[in-house]
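The values are calculated or read from the model by the stated rules, or taken from the named source; none is laboratory data. Here the structure is a predicted model, which is why all the values come from computation and not from measurement. Note that we place each Cβ from the backbone using ideal geometry, even for glycine, and neighbour counts take in every protein chain shown. Please note that ligands, DNA and RNA were not included when accessible areas were found on the heavy atoms of the full protein model with its side chains. Shrake-Rupley method; radii C 1.70, N 1.55, O 1.52, S 1.80 Å.
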Amino acid sequence: MECSLPIHVRYNECDPMGVVHHAAYPVWFEMGRTELLRVQGFTYKNLEEEQIYFVVSTLQVKYHAPAHYD
């Protein structure tokens, strides 16, 4: 299944040169995961009510190009 979520880089996510700080990406990944669940008919709230939890134990990212402000 494919899912799309437009993200506009905000000023506070960037360094003075307008390049996104690496700490912003995991937040966006989580937004994507939440939206993918939503389009499949699930929500975190419903899953947690069923005692189902997602835990990120490892995160490895290979950056190909920087994202920039706006």
Quiz item: Can you tell me which residues in region 1-42 are charged (D, E, K, R) and farther than 19 Å from His68 by Cβ?
Solution: Glu2, Glu30, Arg33, Glu35, Arg38
Quiz item: When you go through (1) loosely packed, with under 12 Cβ neighbours inside 10 Å; (2) not in a helix (DSSP H, G or I) one by one for Asn12, which number turns out not to apply?
Solution: (2)
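So, in region 15-37, exactly how many residues are assigned to a strand (DSSP E or B) and either modelled with pLDDT under 95 or out of contact with any strand residue (DSSP E or B) (no Cβ under 8 Å at 6 or more places or on another chain) (or both)? Before you say what the answer is, go through the steps one by one.
Start the filter on region 15-37 by keeping residues that are assigned to a strand (DSSP E or B), which leaves 19-20.
In the following step, the residues that additionally are either modelled with pLDDT under 95 or out of contact with any strand residue (DSSP E or B) (no Cβ under 8 Å at 6 or more places or on another chain) (or both) were identified as none.
Result for region 15-37: 0.
Hey, among the residues in region 41-51 that are of a type outside the set (D, E, K, R) and modelled with pLDDT under 95, which one's most open to solvent (accessible area, probe 1.4 Å)? Give the steps one after another, and end with the answer.
Filtering region 41-51 down to residues of a type outside the set (D, E, K, R) leaves 41-44, 46-47, 51.
Checking the rest, the ones that are also modelled with pLDDT under 95 come to 41-44, 46-47.
Numbers: Gly41: 63, Phe42: 98, Thr43: 51, Tyr44: 50, Asn46: 77, Leu47: 21 Å².
The selected residue is Phe42.
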